[in-house]
1. What does the highest-first list of 13-19, 41-47 look like by mean Cβ count within 10 Å?
2. What distance in nm separates the two pseudo spin-label positions at Ala46 and Cys23, each 7 Å out from Cα along the beta-carbon direction?
3. What is the percent carbon and sulfur in the accessible area of the chain, measuring with a 1.4 Å probe over the protein chains and ignoring ligands?
4. Compute the relative contact order of the chain as a whole-number percentage, counting only Cα pairs closer than 8 Å that sit 6 or more residues apart in sequence.
5. With label points built 7 Å along Cα→Cβ from the Cα atoms of Val62 and Arg16, find their separation and express it in nm.
6. Write out the cysteines belonging to the chain for which the nearest other cysteine Cβ is not under 4.7 Å, or none if no such cysteine exists.
Amino acid sequence: MASPPMPDPEPRMRVRLRKPHACGGTSFVVSSTGADIRLFCEKCGAKIFIDRARWRTRAVEVLPATLAAD
């Protein structure tokens, strides 16, 4: 059975992609959306751009938001 489709990306959304980043990080934060989606690796801070077609195939899970420290 196919998994449900990923929701459209929104800024500050935390996601897990199909493959980890080269640094070993598995969680990313959506920074901006448009024709391309800009993600930041939460482990090393690297900037990653993917197009919407790749978003639909590579994003596998929406992660819960982290609580910001006051």
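1. 13-19, 41-47
2. 0.9 nm
3. Ligands and nucleic acids excluded, carbon and sulfur reach 53 percent.
4. Relative contact order here is 32 percent.
5. Distance between label points: 1.6 nm.
6. Those would be Cys41, since no other cysteine Cβ in the chain comes under 4.7 Å of theirs.
The values are calculated or read from the model by the stated rules, or taken from the named source; none is laboratory data. In this text, all values refer to a predicted model and were calculated from it rather than measured experimentally. Using ideal geometry, Cβ is built from the backbone for each residue, glycine included, and neighbour counts are taken over all protein chains shown. Accessible surface is based on the protein model in full, side chains and every heavy atom, while ligands, DNA and RNA are left aside. Shrake-Rupley method; radii C 1.70, N 1.55, O 1.52, S 1.80 Å.
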